[in-house]
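Here's the structure, in structure tokens; my notes come after.
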Amino acid sequence: RRSIARMNAAMRDLATLYHLMVRPVRGGTHAQRLESFYGPQAESYDDFRQRLLHGREALFSALPVEAGQTWIDMGGATGASIAFMGKPAAALERIHIVDLSPSLLNIARKRVSTLGLTNVTLHEADVTTFAPECGQVDLITFSYSLTMIPNWFAALENALRLLKPGG
């Protein structure tokens, strides 16, 4: 059974590598190109990136969050950051996960449901223009997402506009 599980994991990794390096990315808009790139690998996204992108668990578990605060995870993809934050995420007033890929947000939707969180809102939106109804927030994160945002200066400027003083 272990060898079958390893073989299945290797096949998922090969498929992900194919989508990362070989498969053409198509689409007329940035959102379409992101979905073309991430859609086929959405199911294996977290597992693959867990081994590729280090430091996220340490970062999110160390954030100085307080009950009642509001957090925006820009380019939040599958919502893995919520799991990395752990119990403090449940004490936040509101969590906004913003991403342009509906496939990745579907994984986030499943994660939020599995975790039993009721304070999370998912937004299929551009992080350069996203603004929550609540106005400014206490915490904004980008976890390995800036490299996928063509106008990352605009994304950072928007985040600074949305961040409360001292946030």
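The values are calculated or read from the model by the stated rules, or taken from the named source; none is laboratory data. Keep in mind that what you see is a predicted model, and the values were worked out from it rather than measured. Virtual Cβ from ideal backbone geometry, glycine too; neighbours counted across all protein chains shown. Note: accessible area is taken over every heavy atom of the protein model, side chains too, but ligands, DNA and RNA are not part of it. Shrake-Rupley method; radii C 1.70, N 1.55, O 1.52, S 1.80 Å.
Brief remarks follow.
- Put simply, the Cα atoms of the range 70-151 extend 33, 27, 19 Å along their principal axes, the longest span coming first.
- Karplus-derived 3J(HN,Hα), 6.51/-1.76/1.60, for each residue of the range 140-147, Hz, glycine and proline x: 9, 10, 10, 10, 6, 10, 4, 5
- Compactness check for the chain: Cα Rg over 2.2 N^0.38 Å is 1.06.
- Were the residues from LEU63 through LEU146 laid out at 0.36 nm apart, the gain over their Cα-Cα distance would be 28.0 nm.
- Phi angles of the range 75-87 translate, via the Karplus equation with coefficients 6.51, -1.76, 1.60 and θ = phi - 60°, into HN-Hα couplings of x, x, 6, 8, x, 4, 4, 5, 5, 5, 5, x, 4 Hz per residue; Gly and Pro are given as x.
- Taking amide H as placed 1.01 Å from N in the peptide plane, ALA125 has its amide H under 5 Å from the amide H of ASP99, LEU100, each at least 5 places away in sequence or on another chain.
- Entry comment: accessible area of the range 51-151 is 48 Å² per residue, from protein heavy atoms only and a probe of 1.4 Å.
- Taken about its Cα centre, the range 65-148 carries a charge dipole of roughly 360 debye when the Cβ of each Lys and Arg holds +1 and the Cβ of each Asp and Glu holds -1.
- The amide H of ILE72, built 1.01 Å from its N in the peptide plane, has HIS96, LEU139, ILE140, THR141 as neighbours under 5 Å, considering only residues 5 or more places off or on other chains.
- FRET efficiency, 1/(1 + (r/R0)^6) with R0 35 Å, evaluated for ASN106 and ARG6 via beta carbons: 0.85
- Principal-axis tilt of helix 2-21 within the chain, Cα atoms, nearest 10 degrees: 70
- Spherically averaged projected area of the convex hull of Cα atoms, the range 106-158: 4.5 nm².
- Backbone phi angles across the range 101-117, fed through the Karplus curve with coefficients 6.51, -1.76 and 1.60 (θ = phi - 60°), yield HN-Hα couplings of 9, x, 5, 5, 5, 5, 5, 4, 4, 5, 5, 4, 5, 4, 6, x, 7 Hz in residue order; Gly and Pro are listed as x.
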